[in-house]
Amino acid sequence: MEDKKREELMRELSSQLRTCLPLIEEERQAFIRAEHGRLQAVMGKEYWDREKEAPAFFHGEPTEDAQLESLVERDPYDISLEELVQLSEMEKRVERLGTYSYLAFFHMYPEDKERLRLLFHLYRRLTHGNVCGLPEIKQLEEGHDFYIRQKTESAVRVIR
């Protein structure tokens, strides 16, 4: 009986992997495409790591040679979902008048933060061999087309 249950779970996991991973990757790429220049600008830049209480660098450290650094073309498509989720929580530490202020390292819409967290949660569960719940799968599937349209629309409306 337990073998049958295990087989059923494996079939469900396999089905979810086939269905969800392409949607997750498509949304990750759509976010990166929409934010490409901004993401590229923060790659290799310093942020404040509160856990270590020390500066750290987002997605790779800068090189010693400033001229070489300007020639390095960083590809935002190399940024993982986990890094995108962390990016929304990172801060810069700025010294002002003898005290420190903490500012957002990368501004992100709340809807994007929420969506990226959902994508990462699903991705992590699936890639670690865990079946996702139906409400999570439904949230992914029902919001997918809207999110893709939102991120790929190229028309910008100017408000006067």
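Bear in mind these aren't lab numbers, they're just calculated from the coordinates by the rules spelled out. Remember, it's a predicted structure, so these values are computed and weren't measured experimentally. Don't worry about glycine lacking a Cβ; one is built from the backbone with ideal geometry, like all the others, and counts go over all protein chains shown.
Quick notes on this structure:
- Label positions at K45 and Q150, each projected 7 Å from the Cα along the C-beta direction, are separated by 2.3 nm.
- For the stretch 4-62, applying the loop criterion from DSSP together with a ceiling of 12 other beta carbons within 10 Å to the GluC sites (Glu not before Pro) yields E51, E53.
- For a label point 7 Å along the Cα-to-beta-carbon line of Y100, residues of the stretch 32-57 with backbone N under 14 Å: 47-56
- Cα gyration tensor category, rounded, prolate or oblate, for the stretch 77-160 with a/c compared to 1.5: oblate
- Exceeding the 24 Å Cα-Cα cut-off - candidates K92/K151; K92/K113; K5/K113: K92/K151; K5/K113
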